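S.K.: Handing you a structure now.
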Amino acid sequence: MFTASCLCRSVSFEISSPLSEARYCHCENCRKFSGTGSAPWAITELKSLNVTSVAAPINKYQSGGGTRCFCNTCGSPLWFESKLNPAKVAIPLGVIDSGDVPKPQSHIWTQSCPVWYDIPDNLEQFTTNP
């Protein structure tokens with residue numbers, strides 16, 4: 001079981017399934033959504049996501065490959081709903097408050113990595129999504 005929340009704590013949720021495929025994404029959408037050179041994400045079952053508190057609206061943005069969900073008040077990313085696999089969601093690891101969070105095992109979309117960002121480890125790298 002994982003618990004997660006946004007920066008202002010207006011939205012909180014639980015995840016009852018394991019997180020898998022933890023990785024750093026360097027695609028332009030993830031970089032802009034997270035405001036960093038890479039965004040750490042993991043995958044879980046949509047049916048295992050249970051919103052437990054909504055004191056602020058959850059906004060959604062269609063970003064091409066799916067829907068990015070975020071808190072209306074603080075702008076924190078909450079999860080990503082993929083068009084490719086609607087039964088799964090990607091959870092940004094930074095919003096998780098408790099649970100045994102897996103460490104990212106790879107970097108994806110490295111072809112989009114900005115020139116100012118040096119990947120600081122020896123994890124496997126993929127130019128796109130493996």
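The values are calculated or read from the model by the stated rules, or taken from the named source; none is laboratory data. Note that the coordinates shown come from a computational prediction; the quantities given were computed from them, not determined experimentally. Neighbour counts are summed over all protein chains in view; Cβ atoms, including those assigned to glycine, are modelled from backbone coordinates with ideal geometry. We work out accessible area using only protein heavy atoms, side chains counted, and drop any ligands, DNA or RNA first. Shrake-Rupley method; radii C 1.70, N 1.55, O 1.52, S 1.80 Å.
S.K.: Restricting attention to the range 55-71, does a residue exist that is within 12 Å of the chain's Cα centre (by Cα), closer than 26 Å to Trp116 by Cβ and polar (S, T, N, Q)?
M.R.: Within the range 55-71, none of the residues are within 12 Å of the chain's Cα centre (by Cα), closer than 26 Å to Trp116 by Cβ and polar (S, T, N, Q).
S.K.: On the basis of being touching a residue at least 40 places away in the same chain (Cβ under 8 Å) and in contact with an Asp or Glu (Cβ under 7 Å, 6 or more places away or on another chain), does Phe13 make the cut?
M.R.: Against the criterion (touching a residue at least 40 places away in the same chain (Cβ under 8 Å) and in contact with an Asp or Glu (Cβ under 7 Å, 6 or more places away or on another chain)), Phe13 does not qualify.
S.K.: Being open to solvent by 40 Å² or more (accessible area, probe 1.4 Å), among the β-branched types (Val, Ile, Thr) and either in contact with a strand residue (DSSP E or B) (Cβ under 6 Å, 6 or more places away or on another chain) or touching a residue at least 60 places away in the same chain (Cβ under 8 Å) (or both), is that true of even one residue in the range 74-96?
M.R.: No: the range 74-96 contains no residue that is open to solvent by 40 Å² or more (accessible area, probe 1.4 Å), among the β-branched types (Val, Ile, Thr) and either in contact with a strand residue (DSSP E or B) (Cβ under 6 Å, 6 or more places away or on another chain) or touching a residue at least 60 places away in the same chain (Cβ under 8 Å) (or both).
S.K.: Can you tell me which residue is surrounded by the fewest Cβ atoms within 10 Å (Cβ to Cβ) among those in the range 32-72 that are modelled with pLDDT of 90 or more and within 19 Å of Thr110 (Cβ to Cβ)?
M.R.: The extreme case among them is Ile43.
S.K.: Oh, and also: Output the residues belonging to the range 103-122 that are of a type in the set (A, V, I, L, M) and either in contact with a Lys or Arg (Cβ under 7 Å, 6 or more places away or on another chain) or open to solvent by less than 50 Å² (accessible area, probe 1.4 Å) (or both).
M.R.: Ile108, Ile119
S.K.: Out of all the residues in the range 102-122, is one or more in a strand (DSSP E or B), within 15 Å of the chain's Cα centre (by Cα), within 16 Å of Thr3 (Cβ to Cβ) and touching a residue at least 60 places away in the same chain (Cβ under 8 Å)?
M.R.: no
S.K.: Now a separate question. When you scan the range 12-31, how many residues do you find that are open to solvent by 40 Å² or more (accessible area, probe 1.4 Å) and over 27 Å from Pro120 (Cβ atoms)?
M.R.: Matching residues across the range 12-31 total 2.
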